[in-house]
Amino acid sequence: QVQVVESGGGSVQPGGSLTLSCAVSGTIFSTYAMSWYRQAPGRQRELVAGIDLQIGGQPTYGASVKGRFTMSRDDAKNTIYLQMNSLKSEDTAVYYCNAVVAGRPGTQDDVWGQGTQVTVSS
């Protein structure tokens, strides 16, 4: 069973910073992609940042966070991070981590974390 657990959410003032972490654990044959999404009240879930680990390269970012958020990863720990700078009130949302993994060869599972709340308010 593969689990995804986010941490690091909280409350911050506009202009502040937060770093989210997402740890993937369990029996994993391969990790294909990892992403951060967010969902604000009354809005659809949107992609914040993601990386396709099959092709490598750099993460891609949603237009609203480009230049302010940075996604990084520690492969040895099966963990990704989301460094969020210059936070705005409109960044307030529940942030979810998603991992596309193979628990065994030839399979593909879409695994979501439980979410972590980020609130930006003065």
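The values are calculated or read from the model by the stated rules, or taken from the named source; none is laboratory data. Since this is a predicted model, take the numbers as computed values, not measurements. Neighbour counts are summed over all protein chains in view; Cβ atoms, including those assigned to glycine, are modelled from backbone coordinates with ideal geometry. Heads up: the accessible areas ignore ligands, DNA and RNA and are worked out on the full protein's heavy atoms, side chains in. Shrake-Rupley method; radii C 1.70, N 1.55, O 1.52, S 1.80 Å.
With respect to (1) modelled with pLDDT of 95 or more; (2) small (G, A, S); (3) open to solvent by 20 Å² or more (accessible area, probe 1.4 Å), the lone exception for G103 is condition (1).
I'm checking my understanding of the structure. Among residues of segment 106-118 that are closer than 15 Å to S7 by Cα and of a type outside the set (A, V, I, L, M), which one is most open to solvent (accessible area, probe 1.4 Å)?
Q114
Examine segment 39-46 for a residue that is open to solvent by 50 Å² or more (accessible area, probe 1.4 Å), in contact with a Pro (Cβ under 7 Å, 6 or more places away or on another chain) and at pLDDT below 95, and state whether such a residue exists. No, segment 39-46 contains no residue that is open to solvent by 50 Å² or more (accessible area, probe 1.4 Å), in contact with a Pro (Cβ under 7 Å, 6 or more places away or on another chain) and at pLDDT below 95. Residues that are assigned to a loop (DSSP other than H, G, I, E, B), free of Cβ contacts under 8 Å to residues at least 40 places away in the same chain and polar (S, T, N, Q) were ranked within segment 53-92; the one that is surrounded by the most Cβ atoms within 10 Å (Cβ to Cβ) is S64.
Looking only at segment 76-102, residues that are among the aliphatic types (A, V, I, L, M) and closer than 15 Å to V2 by Cβ come to 5 in all.
Taken as a whole, segment 57-71 holds at least one residue that is touching a helix residue (DSSP H, G or I) at 6+ places or on another chain (Cβ under 8 Å) and within 20 Å of T19 (Cα to Cα).
Just give me the residues in segment 61-92 being at positive phi and modelled with pLDDT of 95 or more, in sequence order. The answer is G67, S86.
Checking each residue in segment 13-38 for being polar (S, T, N, Q), surrounded by 16 or more Cβ atoms within 10 Å (Cβ to Cβ) and farther than 17 Å from T119 by Cα picks out T31, S35.
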